[in-house]
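The values are calculated or read from the model by the stated rules, or taken from the named source; none is laboratory data. Here the structure is a predicted model, which means the values were calculated and not measured. Quick reminder, even Gly has a Cβ in these numbers, built from the backbone with ideal geometry, and neighbours come from all protein chains shown.
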Amino acid sequence: MALFALAFARIAGARVTVISSSDEKIERLKALGADATINYRTTPEWSKPARALTDGRGFDHIVELGGEKTLPQSLRCIRPGGTLSMIGVLSGSSLATPLGLIITRQVRLQGITVGHRDGFEAMLRALEQHRVPVIVDRVFEFPALKEALAYLKSGAQFGKICIRH
């Protein structure tokens, strides 16, 4: 989803900052249009340099993919009145976050899904219209489903993992 979030933000004309887990992924994200990047493994307190990218003002909109481990930092670098859209819970789905940041910064928190057919088809039309490449990292045959899921869980992929049946 991070690649789609990057693509749709670029389509909307946004300046995009991406937080990722490796320098290799960061280089690929830059090639796809990320304006700024931060490696969260080498910069564990990434909210500070992220906020500095906005001259301390904070981001207007954050697409949050990580969940419980990244949400507190996302809240520290969003601007007052900003929107935080949650589309994933990669690091866990429990909510142990400083709720005061949501209240005092008047953050609008919303969930995003593309779980219904109309939304999915609209997303595909937008991708096609704007010629956004769909990046496939790896294709697994169906008998290797366990291996595919382990690869997905590892977080090593860059792009989609496909299962061929």
Task: Search result, residues across the stretch 5-31 that are under 14 Å from the mean Cα position of the chain (by Cα) and of a type in the set (A, V, I, L, M, F, W, C) - done: A5, L6, A7, F8, A9, V16, V18, I19, I26, L29
Task: Residue list for the stretch 116-152, filter: in a helix (DSSP H, G or I) and in the same structural domain as R164 (by TED's automatic domain parsing) - done: F142, P143, A144, L145, K146, E147, A148, L149, A150, Y151, L152
TODO: Give the residues of the stretch 153-165 that are in a helix (DSSP H, G or I) and either over 18 Å from S21 (Cα atoms) or not charged (D, E, K, R) (or both), sorted by residue number.
DONE: S154
TODO: Give the residue that is nearest to G81 (Cα to Cα), with candidates limited to residues of the stretch 30-52 that are of a type in the set (S, T, N, Q) and assigned to a loop (DSSP other than H, G, I, E, B).
DONE: T43
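To keep it simple, each residue is scored yes or no on (1) among the aromatic types (F, W, Y); (2) outside any loop (DSSP other than H, G, I, E, B); (3) modelled with pLDDT of 95 or more.
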| position | (1), (2), (3) |
| --- | --- |
| T54 | no, no, yes |
| R57 | no, no, yes |
| H61 | no, yes, yes |
| E68 | no, no, no |
| P72 | no, yes, no |
| L75 | no, yes, no |
| G81 | no, yes, yes |
| S85 | no, yes, no |
- [ ] State whether one or more residues within the stretch 39-61 are under 26 Å from Q129 (Cα atoms) and crowded, with 19+ Cβ neighbours inside 10 Å.
- [x] no
